[in-house]
Amino acid sequence: MVNVGVLGATGMVGQRFIELLSGHPKFKITALTASARSAGKRYQDAVTWHLDSQIPEAVQDMVVVDTDPSQVKDVEIVFSALPTEHAAIVEPQFAAAGMGVASNASAMRMEPDVPLVIPEVNPEHLELIDNQRKNRGWDGFIVTNPNCSTIALVMTLKPLYDEFDIQRVYVSTMQAVSGAGYNGVPSMAILDNLVPFIGGEEEKMESETLHLLGDFDGETVTPASFGVSASCHRVPVVDGHTEAVFMEMEEDFAVEDVKNAFRNFKGLPQKLGLYSAPSTPVIVREEDNRPQPRMDRLTQRGMAVTVGRVRKDDVFPQSLKYVLLGHNTVRGAAGASILNAELINEIM
Ligand code: NAP
């Protein structure tokens, strides 16, 4: 078993890490960190648990420590669910102390020597870890996964990017409140309402998408060159980000070919049979009223993206429309980091 820690273990994503790592065949949680507010307390006393499951027994009495590498002993990998500002400072400290950091935070995502990875999409970018260690003199490393909306979008773009000539993508999101953390969106702001702005989200979707689908020459990533424009919105849904995607192609296409590209899409995690990998990463639904967050977010343990309403645009030529749904704290956050770590553990 590989000993692992969770940084920011009391937060929304930290709790998801603990839930998903409970019973993991290869990773065993041996350290939990949070802020000074929680350090020194038993996990069950420090956390306000928000998930439908119970707090796993193995961590209930574990004592939370400060988020400081000197407090985390005999751990190979830490999963980071820290706020971005804090992640920027401490994740490099953990890597310098010899630990692998699988991070959800955006702080290091666009650093040229830090891999930003979705294992089904761009596993080859993990080679950047060698450059990173050389550049920074670290024994450990940092690997990141994209923003929660970007992951779901790119898992559906990758099979199309491989088969069709994409010119432009417009995406409009309907994002769940859990994406902002438990204290992120006050109930008075979101009940009976919708908030048409999520700070920094559109910029992340636009830049991370092109980076993930970019060319990698062993040293640098050259972003893909099609256009991506995002509009991001918060809606009164607890878990599960829905996205309406509009795409212009260079040439005409058959809708059935698009659906088959989604259905046949598999990547390295499926080939290697990684524990957290969904067997079918993109699920196509034929009903007019799917996907829906409540019904589809837990498909394949929350690790698959569900697509529906795949159709041609009747107004603009050579254009495609579809709706997708991904679980933002599973596939969009904790599950994504765990799958990154499983892949690294298997191939490096
Ligand atoms: P959250 O619920 O606010 O949790 C933050 C965690 O970090 C808590 O454990 C908190 O500990 C700890 N923390 C806060 N300040 C700290 C400090 N100064 N030192 C050490 N620990 C500190 O946030 P979240 O929604 O889980 O998000 C965590 C990260 O994941 C963020 O970077 C976010 O952008 C990213 N992310 C979130 C989602 C999502 O769907 N929620 C998706 C993708 C990425 P205390 O309890 O002790 O304060």
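Taken together, the values in this text are just the output of simple stated rules run on the coordinates, not laboratory data. All values reported here derive from a predicted model rather than from experimental measurement. Here Cβ is always computed from backbone atoms with ideal geometry, including for glycine, and neighbour counts include all displayed protein chains.
Overview of results
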| read-out | value |
| --- | --- |
| Under the Karplus curve 6.51 cos²θ - 1.76 cosθ + 1.60, θ = phi - 60°, whole-Hz ³J(HN,Hα) for region 200-207, x wherever Gly or Pro sits | x, 5, 5, 4, 5, 4, 6, 7 |
| Normalised contact order of the chain, rounded percent, pairs of Cα under 8 Å and 6 or more residues apart | 17 |
| Length gained when the stretch LYS312-ASN3 is fully extended (0.36 nm per residue, less Cα-Cα span) | 106.4 nm |
| Sorted by Cβ density within 10 Å, fewest first, the residues SER103, SER35 | SER35, SER103 |
| Stretchable slack from ARG136 to ALA189, in nm (0.36 nm times residue separation minus alpha-carbon distance) | 14.7 nm |
| Net length gained if the chain between GLU346 and TYR170 were fully extended (0.36 nm per residue, minus Cα distance) | 59.8 nm |
| HN-Hα J in Hz across region 156-170 - Karplus 6.51, -1.76, 1.60, θ = phi - 60°, x for Gly and Pro | 8, 6, 4, x, 6, 4, 6, 10, 10, 9, 7, 9, 8, 10, 10 |
| Value at 222 nm in deg cm²/dmol, rounded to 500, when DSSP H runs of n ≥ 4 in the chain each add -39,500 (n - 2.57) | -8500 deg cm²/dmol |
| For region 295-300, Karplus couplings with θ = phi - 60° (6.51, -1.76, 1.60), whole Hz, Gly/Pro x | 8, 10, 5, 9, 4, 6 |
| Exposed trypsin sites (Lys or Arg not before Pro) absent: longest stretch of the chain, with sites in DSSP loops and at most 11 other Cβ within 10 Å deemed exposed | 74-348 |
| Nonlocal amide H pairs with ILE283, under 5 Å, H built at 1.01 Å | VAL305, THR306, VAL307 |
| Cα-Cα separations in region 148-327 greater than 20 Å, expressed as whole percent | 55 |
| Residues HIS125, HIS50, sorted so that the one with the fewest Cβ neighbours within 10 Å comes first | HIS50, HIS125 |
| Of LYS134/LYS204; LYS158/LYS271; LYS26/LYS204; LYS73/LYS134; LYS41/LYS73; LYS134/LYS271, pairs whose Cα-Cα distance is over 21 Å | LYS134/LYS204; LYS26/LYS204; LYS73/LYS134; LYS134/LYS271 |
| Principal-axis tilt of helix 255-264 within the chain, Cα atoms, nearest 10 degrees | 20 |
| Filtered GluC sites (Glu not before Pro), region 205-254: DSSP coil and at most 12 other beta carbons within 10 Å | GLU219, GLU250, GLU251 |
| Residue order, fewest to most beta carbons within 10 Å, for THR67, THR84 | THR84, THR67 |
| FRET efficiency, SER279 to HIS50 (Cβ-Cβ, R0 22 Å, nearest 0.05) | 0.15 |
| Alpha-carbon Debye profile of the chain, log10 I(q)/I(0) at 0.13, 0.14 Å⁻¹ | -0.97, -1.13 |
| Neighbour net charge for ASP61 - beta-carbon separation under 15 angstrom, K R +1, D E -1 | 0 |
| Amide H contacts under 5 Å for ALA230, placed H, 5+ residues apart | VAL171 |
| Fraction of beta bridges assigned by DSSP in region 148-327 that are antiparallel (%, nearest 5) | 75 |
